[in-house]
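One structure below.
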Protein chains: 2
Amino acid sequence: MLNHGAVDRIFHALGDSNRRAIVERLSRGTMSVSDLAKPLDITLAAVVQHLQVLEESGLVRTEKIGRVRSCQLEPGGLRVAEDWLSNRRGLWERRFDRLGELLDGPERPNPTPRKKAKT
Amino acid sequence: MLNHGAVDRIFHALGDSNRRAIVERLSRGTMSVSDLAKPLDITLAAVVQHLQVLEESGLVRTEKIGRVRSCQLEPGGLRVAEDWLSNRRGLWERRFDRLGELLDGPERPNPTPRKKAKT
């Protein structure tokens, strides 16, 4: 069962291109906040805010070691979003398959029961 | 190869909870705009705007038949988002596996070549 609040937070977090750029970079390894900020065209304060949204959504984990905050991807968060998408796609595809069967098959008021396999 | 503009449009579209509710409903079947709007707590005009964003992102296709606009999910759009997520997760997991191998294995300056299988 998916928690809808969690799904909402994850898709909200992924809806921003700077936050996706952070996820993209962290998929290649753990990184400090200042290293993360370098190639991004936004202030360090903005990076920290984006990280907070990502952390609250469960997509990223950060840890302060001495004076450096280290950031790490949480693959489970990505998995929640993948599952949401593949479940919706699966529902649609199964519906489409059943529609195809109905169009192919003969008219019948009730579904024909399947033959039971010998036990 | 993923088109980054397409990925941006898809995640931007999925970042809104009303648009995800539309995707959710369309995963269960084709629907008219007014049927789609019924359970949503927003105006019909807002639903039309959300549909436009979803259509431009490639997640939904709409077609006007007579006076009714019919809406249908485009599963390929969901697939693009799934692929983006699973590729990021895959990169992270492979990196993590390699790190585990490095920590487990003995120190060696060069990787040991694998034995060739007999052909």
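Evaluating A:Asn87 against the criteria (1) polar (S, T, N, Q); (2) closer than 26 Å to B:Ala21 by Cβ; (3) surrounded by 15 or more Cβ atoms within 10 Å (Cβ to Cβ) leaves one unmet condition, (3).
Does A:Leu59 count as at pLDDT 95 or above, under 29 Å from B:Arg19 (Cβ atoms), in contact with a Phe, Trp or Tyr (Cβ under 8 Å, 6 or more places away or on another chain) and within 11 Å of another protein chain (Cβ to nearest Cβ)?
No; evaluated as a whole, the condition is false for this residue.
When you go through B:Ala46, B:Ala81 one by one, which is the residue that is hydrophobic (A, V, I, L, M, F, W, C) and more than 14 Å from every other protein chain (Cβ to nearest Cβ)?
Sole residue among the options that is hydrophobic (A, V, I, L, M, F, W, C) and more than 14 Å from every other protein chain (Cβ to nearest Cβ): B:Ala46.
From A:Arg20, A:Arg25, A:Arg79, A:Arg94, which residue is within 19 Å of B:Val23 (Cβ to Cβ), charged (D, E, K, R), without any contact (Cβ under 8 Å) to a residue 24 or more places away in the chain and touching a Leu at 6+ places or on another chain (Cβ under 7 Å)?
Details: A:Arg25 fails: within 19 Å of B:Val23 (Cβ to Cβ); A:Arg79 fails: touching a Leu at 6+ places or on another chain (Cβ under 7 Å); A:Arg94 fails: touching a Leu at 6+ places or on another chain (Cβ under 7 Å).
The match here is A:Arg20.
For region B:62-72, the count of residues that are part of a helix (DSSP H, G or I) and not aromatic (Phe, Trp, Tyr) is zero.
Answer yes or no as to whether A:Ile10 is among the hydrophobic types (A, V, I, L, M, F, W, C), part of a loop (DSSP other than H, G, I, E, B) and more than 8 Å from every other protein chain (Cβ to nearest Cβ). If you could, list the steps in order and put the result at the bottom.
On the way: among the hydrophobic types (A, V, I, L, M, F, W, C): yes; part of a loop (DSSP other than H, G, I, E, B): no; more than 8 Å from every other protein chain (Cβ to nearest Cβ): yes.
It is false that A:Ile10 is among the hydrophobic types (A, V, I, L, M, F, W, C), part of a loop (DSSP other than H, G, I, E, B) and more than 8 Å from every other protein chain (Cβ to nearest Cβ).
For region A:98-118, the condition of being under 25 Å from B:Ser17 (Cβ atoms) and either modelled with pLDDT of 80 or more or not in a helix (DSSP H, G or I) (or both) holds for none of the residues. Looking at B:Gly15, is it touching a Lys or Arg at 6+ places or on another chain (Cβ under 8 Å) and within 7 Å of another protein chain (Cβ to nearest Cβ)? Against the criterion (touching a Lys or Arg at 6+ places or on another chain (Cβ under 8 Å) and within 7 Å of another protein chain (Cβ to nearest Cβ)), B:Gly15 does not qualify. Determine, yes or no, whether A:Arg95 is under 18 Å from B:Phe11 (Cβ atoms) and either at pLDDT below 90 or surrounded by 15 or more Cβ atoms within 10 Å (Cβ to Cβ) (or both). Taking the combined requirement at face value, the residue does not satisfy it.
The values are calculated or read from the model by the stated rules, or taken from the named source; none is laboratory data. What you see is a predicted model, and the numbers here were worked out from it, not measured in a lab. Because the Cβ atoms are built from the backbone with ideal geometry, glycine has one as well, and the counts that use them run over all protein chains shown.
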